[in-house]
Amino acid sequence: MKTKTLLPIFLLSAAVAVTMALPQTQAEEEKKPIQVLFTNVNIFDGFSDTLQTGMSVLVENNYIKEVAKTITKPEGAYVVDGGGRTMTPGLIDMHQHVMLNPPEGTASYQTRWDDAAGGAFAQHHLVNNMLLKGITTIRDIAGDPLDVAKAIDMGYLPGPRIYSSGGAISQVGGHGDWAGRNVPPELLTDKMDMTQRTQNSWSVTGPDEVTRAVRLNLRRGAAFTKVMGGGGVASEFDPLEIMGLAADEVARAVEISADNGTYVATHAYHDASYNRLLDLGVRSFEHGFLISEPTVKRMKKMQDEGKEIVWSFQCFMSINSFGSYESMPEFFTHEQKVKGVAVGKGARQAAKMMNEHDVFTVGGSDMFSPGLVERIKEDLTCNVKAGFTAVQALKHWTGNAGIVLKWSGPKDPYPTYELGTIKEGAYADLLLWDGNPLEDIELILDESKLHFIMKDGLTYKNTLVGVDSPIYRPVKTPLTRGQFPL
Ligand SMILES: [Zn+2]
């Protein structure tokens, strides 16, 4: 009898001992950093004009711990032999609108697709046309992908890092006003207008409405503010020549953003708006394809005096898509196509002047909607067609971009490490290519030449080591956006 009673007790104690031991072992295992040692790679660090050859890079969890000629393999580290391939930082698209990807572009939300579908289209493109093509970070600069970004950061969805402005701030009748022409004024509110209800854009009147919109964006995790400082191509009511928003409205956007430690980016095309926005403290200047040389010189002078401002170049959209009436996106109206042709003409000249005067520049595709979003990397190769060198083009999409992203200050959703560079103390966002893109930029369009994609220490493409390699094990990353579980 005793034996019979003792045996289950023994088994029970053994089971308790095992269950108590298991979590401990797992916890210890999870505490160990995961290390990946890349050997024999030639590095473009995001800034230098030449490659550092024959280098090794040690990644620990989600950051780059060491870059050196020789690194002794730490115990337990996984090794990726780079085979003399080129390592670049992950690419950064500084002008994206990932929520505006339903088939009919910006008009979609009015009648054809709800915001749930908008999120589904966004997620498809974030993975297939961005992350899996080597674009590991985007600056989303009008639109609201903030909860998609939160889900990516928390590990529920794959995708690139997203720095978002949240909804762009536009005047009523400006570049961000996508409501129908005869919508009654009382329905143009953020309760009734679908683009405002989805927080993809705000149509404001007066500084106090600007305050509210900027604060609502920042409250939900926006990293900076986007204002529509002039007329646009893909909108109905605003000729390119107009000024967007009144001076006191822009000033308020700058004030509230600066109070929160971050900056304002603007959509604008011509001298009058660029100069007023420079006066008001705006820092990231998109487009600008109709500006003249004195304004370019002024920007350079301000940069030389230590002002942190940047020109953001949308090459493909201005030079290719807007190259002729016929090449314009099909969903554009006649008026939008005519505006586009004017922009296309100015863009080559603007790029030439910015290059000649060495204005600090980043690259952003502005390429969204089916037919364009699949071709984002052609914006980078377009930079070379517009007169920049391949090295400059790559800097626009890596090192320079990483600098501007950090202007978000305390609103930076990825504050721990640097971005857009391969160096000790940068996030582990890196790519391995066959060949040298500094000499042949076109190779980045050939997906068979892109062998390895790592973002935040996780591998998303790998043709170099066995697929059962533990480097696929997800690392735990700190929650950088959204403190609460879904
Ligand atoms: Zn844009």
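Per residue of the chain, the DSSP helices (runs of n ≥ 4 H) give a summed -39500 (n - 2.57) that works out to -9500 deg cm²/dmol at 222 nm.
Just check segment 91-411 against the gyration tensor rule for me: Cα atoms, a ≥ b ≥ c as the square roots of the eigenvalues, rounded for a/c under 1.5, and otherwise prolate or oblate depending on whether a/b exceeds b/c.
Details: a/c = 1.21, a/b = 1.13, b/c = 1.07.
It is rounded, given that a/c, with a ≥ b ≥ c, falls under 1.5.
If packing is taken as the mean number of other Cβ atoms within 10 Å per residue, what is the order of 369-382, 74-87, highest first? Can you show the working numbers first?
Details: 369-382: 20.9, 74-87: 16.4.
Peptide ranking by packing, descending: 369-382, 74-87.
When the chain is described by a simple charge dipole with +1 on each Lys and Arg Cβ and -1 on each Asp and Glu Cβ, the residue from 152, 142, 125 located farthest towards its positive end is 152. Among 433, 178, the order of accessible area from largest down is 178, 433, computed with a 1.4 Å probe on protein heavy atoms. Calculate the length of the line joining the C-alpha centroid of segment 142-218 to that of segment 41-102, in whole Å. Going from one Cα centre to the other spans 35 Å.
Taking the Cβ of residue 118 as the centre, find all other residues whose Cβ is under 14 Å away and add up their charges (Lys, Arg: +1; Asp, Glu: -1). Neighbourhood net charge equals -4. Solvent-accessible surface of the chain, averaged per residue with a 1.4 angstrom probe and all protein chains in place: 41 square angstrom.
Accessible surface ranking for 325, 414, 1.4 angstrom probe, highest first: 325, 414. For residue 406, the accessible area of its heavy atoms, probed at 1.4 Å with every protein chain present, is near 60 square angstrom. Each other residue within a Cβ distance under 11 Å of residue 238 adds +1 if Lys or Arg and -1 if Asp or Glu, for a net charge of -3.
Candidate cross-link partners of residue 297 among the aspartates and glutamates, defined by an alpha-carbon separation under 13 Å and a same-chain spacing of 8 or more, comprise 271, 305, 356, 358. Within the set 345/455; 65/352; 352/377; 423/461; 191/226; 345/449, which residue pairs have Cα atoms separated by over 28 Å? Where the Cα-Cα span goes over 28 Å, the pairs concerned are 345/455; 65/352; 345/449. Shape call for segment 316-401 from the C-alpha gyration tensor, a ≥ b ≥ c root eigenvalues: rounded (a/c under 1.5), prolate (a/b greater than b/c) or oblate? Note, shape of segment 316-401 comes out oblate.
Applying 1/(1 + (r/R0)^6) with R0 = 22 Å to the Cβ-Cβ distance of residue 333 and residue 208, what FRET efficiency is obtained, to the nearest 0.05? Intermediate results must be reported in sequence, preceding the final value.
Working: r = 33 Å, r/R0 = 1.50.
Once rounded, the FRET efficiency stands at 0.10.
Relative contact order, percent, of segment 227-284 when contacts are C-alpha pairs under 8 Å separated by at least 6 residues? If you can, show how the numbers build up before the last one.
On the way: 81 pairs, mean separation 22.8, N = 58.
So the answer I get is 39 percent.
Rounded to the nearest 20 debye, what is the charge dipole size of segment 91-411 about its Cα centre when +1 sits on each Lys and Arg Cβ and -1 on each Asp and Glu Cβ?
Here segment 91-411 has a charge dipole of around 780 debye.
Separation of segment 291-364 and segment 398-417 by C-alpha centroid, Å? Using only Cα atoms, the two centres lie 23 Å from each other. The three principal axes of the Cα atoms in segment 28-155 give end-to-end lengths of 60, 43, 20 Å, sorted in falling order.
Only beta bridges with both residues in segment 91-411 are counted; by DSSP, about 5 percent of them are antiparallel.
Note: relative contact order over segment 91-411, using C-alpha pairs below 8 Å and six or more positions apart, is 18 percent.
Ignoring ligands, DNA and RNA, please state the percent of accessible area on segment 91-411 from carbon and sulfur, probe 1.4 Å.
53 percent
Can you check what the net charge comes to around residue 435, using other residues whose Cβ is under 14 Å from the Cβ of residue 435 (Lys, Arg +1; Asp, Glu -1)? It works out to a net charge of -4.
Against the chain, whose longest principal axis is taken from its Cα atoms, helix 247-259 shows a tilt of about 20°.
The values are calculated or read from the model by the stated rules, or taken from the named source; none is laboratory data. Not measured: the values here are computed from a predicted model. Don't worry about glycine lacking a Cβ; one is built from the backbone with ideal geometry, like all the others, and counts go over all protein chains shown. What goes into the accessible areas is simple: the full protein's heavy atoms, side chains included, and nothing from ligands, DNA or RNA. Shrake-Rupley method; radii C 1.70, N 1.55, O 1.52, S 1.80 Å.
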